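Structure first, then comments.
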Amino acid sequence: DQICTALTYKWPMTTSCSETEVGQTTESNGDDGLVHHHSYSVIGAVELPGGEKLIRVRNPWGKFEWTGDWSDKDTERWTVEAREFVAESKTGGGPMVEQDDG
């Protein structure tokens, strides 16, 4: 995967959150905790045994917290096995976002 390769080489990566509603033009906090029209640093990535590709992003503002799938509060997806796998991958702690989200 290109994201994991780039992280291995310590290449800086960013991603952004684009508008979700037609005509939305200002920065706003979405229901999932992401700030629309905002950039994030990509600081980790992992592919779980089930095939889910997750990335860890950091909000440089640090004002909002991800509350969607794979957030800290997501008890459905974060099984003991998934937590252990991510911990062993040394991608850091905290919430992750599924690579295909958005």
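Is at least one residue of the stretch 72-87 modelled with pLDDT under 85, under 21 Å from residue 12 (Cα atoms) and surrounded by fewer than 17 Cβ atoms within 10 Å (Cβ to Cβ)? Scanning the stretch 72-87 turns up no residue that is modelled with pLDDT under 85, under 21 Å from residue 12 (Cα atoms) and surrounded by fewer than 17 Cβ atoms within 10 Å (Cβ to Cβ). Taking the stretch 34-53 as the range and being farther than 26 Å from residue 5 by Cβ and buried (at least 17 other Cβ atoms within 10 Å of the Cβ) as the test, the residues that pass are 35, 36. Residues in the stretch 54-71 that are polar (S, T, N, Q) and open to solvent by 40 Å² or more (accessible area, probe 1.4 Å): 67 only.
When residue 22 is tested against the conditions (1) at pLDDT below 85; (2) open to solvent by less than 90 Å² (accessible area, probe 1.4 Å); (3) of a type in the set (A, V, I, L, M), the lone failure is (2).
The values are calculated or read from the model by the stated rules, or taken from the named source; none is laboratory data. Predicted model only: the values in this text are computed from it and were never measured. Cβ coordinates were reconstructed from backbone atoms using ideal geometry, including for glycine residues, and neighbour counts include every protein chain displayed. Note: areas computed on protein heavy atoms with side chains; ligands, DNA, RNA excluded. Shrake-Rupley method; radii C 1.70, N 1.55, O 1.52, S 1.80 Å.
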